[in-house]
Amino acid sequence: SLPQSELEYYSDSFDKIREDLWDRAGYLYREEQVKNFKQADLRFEHGKLIIRTQTGSFSKAGLSSKYALRGDFDIQLNCRMDFMRGVSGMDQVFILGVFDKSLKKGKMNNASIGLSMKEKSILGHLFSNCIVNGRRRGGNSQKIEKFNGAFRIFRTGKTISTLYKINGAAEWNRLNTFRVTDNDMLIGFQVRNFFGNRTTIRANHSISA
């Protein structure tokens, strides 16, 4: 419902950190990860935010919006990630998501789209997931070698759709449509070198998006 002049305030070119828009974000899933963790690096270069994990430890970093989206919304994020094939002792993950402003444990509503590659794999996955009231309610994925394009998440009422587009393509490709929530939602994205259930890591390489 905001006029275009006000909407433009929330469009980030990533020339520098916008402290008025973003908090540095990220939580860990297991005690083993907390004991051996290094924050990933965030730097700005030629109108891009580059997030790069550190080696030898569990490593992740991301940004979460200081504002919440009310009602219908349509967000887009340009992203490039080149997977390293056959790497062992670590995973490769990028996620863009929207999630309930309340952040109540066990009651979370969330929809996400992202990229992942499990250790020793030669192909990654482009995936989309949904959580309603703390329970996973489906999703799907497709194999992918690398990604250079844009992600999109839009909501109408309680329905949230996840889409992607490869650079140079004219049309958006829909991954999923979920019935989630019409509550106020935050935006967040992150890069990390592990899946949530990982308890040991070598991480001889750093990954970036």
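The values are calculated or read from the model by the stated rules, or taken from the named source; none is laboratory data. Worth saying up front: this structure is predicted, and the values here are computed from it rather than measured. Cβ coordinates were reconstructed from backbone atoms using ideal geometry, including for glycine residues, and neighbour counts include every protein chain displayed. All accessible areas refer to the heavy atoms of the entire protein, side chains included, with ligands and DNA or RNA removed. Shrake-Rupley method; radii C 1.70, N 1.55, O 1.52, S 1.80 Å.
Tell me which residues, restricted to the stretch 79-98, are over 14 Å from ILE187 (Cβ atoms) and open to solvent by 20 Å² or more (accessible area, probe 1.4 Å). Please lay out each step first, then the result.
As a first pass, look at the stretch 79-98 and keep what is over 14 Å from ILE187 (Cβ atoms): 80-94.
Answer for the stretch 79-98, where residues must be over 14 Å from ILE187 (Cβ atoms) and open to solvent by 20 Å² or more (accessible area, probe 1.4 Å): ARG80, ASP82, PHE83, MET84, ARG85, GLY86, SER88.
Being among the hydroxyl-bearing types (Ser, Thr, Tyr) and either within 15 Å of GLY97 (Cβ to Cβ) or buried (at least 16 other Cβ atoms within 10 Å of the Cβ) (or both) is the filter here; which residues of the stretch 142-176 pass it? First the steps, then the outcome.
Taking the stretch 142-176 as the starting set, the residues that turn out to be among the hydroxyl-bearing types (Ser, Thr, Tyr) are 156, 159, 161-162, 164.
Matches in the stretch 142-176: SER161, THR162, TYR164.
Cβ-Cβ under 9 Å, sequence separation 6+ or interchain: first residue in the stretch 23-51 and touching a residue at least 12 places away in the same chain (Cβ under 8 Å) and under 20 Å from ILE187 (Cα atoms), partner of a type in the set (A, V, I, L, M) and open to solvent by 90 Å² or more (accessible area, probe 1.4 Å). Which pairs?
From residues that are touching a residue at least 12 places away in the same chain (Cβ under 8 Å) and under 20 Å from ILE187 (Cα atoms), the pairs are LEU28/VAL34.
For the structure I just gave you, tell me whether LYS35 is charged (D, E, K, R) and over 23 Å from LEU126 (Cβ atoms).
Numbers: charged (D, E, K, R): yes; over 23 Å from LEU126 (Cβ atoms): yes.
Spelling it out, LYS35 is indeed charged (D, E, K, R) and over 23 Å from LEU126 (Cβ atoms).
Tell me yes or no: at least one residue of the stretch 191-206 is within 22 Å of LYS101 (Cα to Cα), in contact (Cβ under 8 Å) with a residue 24 or more places away in the chain, open to solvent by less than 40 Å² (accessible area, probe 1.4 Å) and part of a strand (DSSP E or B).
Here is the first cut: in the stretch 191-206, the ones within 22 Å of LYS101 (Cα to Cα) are 191, 196.
Those left that are additionally in contact (Cβ under 8 Å) with a residue 24 or more places away in the chain: 191, 196.
Restricting the remaining residues to those that are open to solvent by less than 40 Å² (accessible area, probe 1.4 Å) gives 191, 196.
Those still in the list that are part of a strand (DSSP E or B) too: 191.
Among the residues of the stretch 191-206, at least one is within 22 Å of LYS101 (Cα to Cα), in contact (Cβ under 8 Å) with a residue 24 or more places away in the chain, open to solvent by less than 40 Å² (accessible area, probe 1.4 Å) and part of a strand (DSSP E or B), which makes the answer yes.
Please give the strands (runs of 3 or more DSSP E) falling wholly within the stretch 11-81 in which 1 or more residues are farther than 24 Å from VAL98 by Cβ and out of contact with any Ser or Thr (no Cβ under 7 Å at 6 or more places or on another chain). Steps first, answer last, please.
Values: elements: 22-25, 37-39, 41-45, 48-52, 58-65.
The qualifying strands (runs of 3 or more DSSP E) are 41-45, 58-65.
Go through the stretch 104-135 and give me each residue that's within 20 Å of ASN173 (Cβ to Cβ), more than 12 Å from the chain's Cα centre (by Cα) and open to solvent by 10 Å² or more (accessible area, probe 1.4 Å).
Just the residues of the stretch 104-135 that are within 20 Å of ASN173 (Cβ to Cβ), to begin with: 111-117, 123-130.
Checking which are more than 12 Å from the chain's Cα centre (by Cα) leaves us with 117, 123-125, 130.
Once the filter is applied, which keeps residues that are within 20 Å of ASN173 (Cβ to Cβ), more than 12 Å from the chain's Cα centre (by Cα) and open to solvent by 10 Å² or more (accessible area, probe 1.4 Å), the stretch 104-135 yields LEU123, HIS125.
Exactly one of (1) touching a residue at least 40 places away in the same chain (Cβ under 8 Å); (2) crowded, with 19+ Cβ neighbours inside 10 Å is unmet by LYS101. Its number?
For LYS101, the failing item is (2).
May I ask you to list pairs of residues, at least six apart or on different chains, whose Cβ atoms are under 7 Å apart, with the first in the stretch 73-93 being within 16 Å of THR55 (Cα to Cα) and the second being part of a strand (DSSP E or B) and hydroxyl-bearing (Ser, Thr, Tyr)?
ASP91/SER116; GLN92/SER116; VAL93/SER116
Can you report the number of residues in the stretch 104-163 which are in a strand (DSSP E or B) and in contact (Cβ under 8 Å) with a residue 12 or more places away in the chain? Show your work before the answer.
Kept after step one, since they are in a strand (DSSP E or B), are these residues of the stretch 104-163: 110-117, 124-132, 135-144, 146-156, 159-163.
Cutting the leftovers down to in contact (Cβ under 8 Å) with a residue 12 or more places away in the chain gives us 110-117, 124-132, 137-144, 146-156, 159-163.
Adding up the residues that qualify gives 41.
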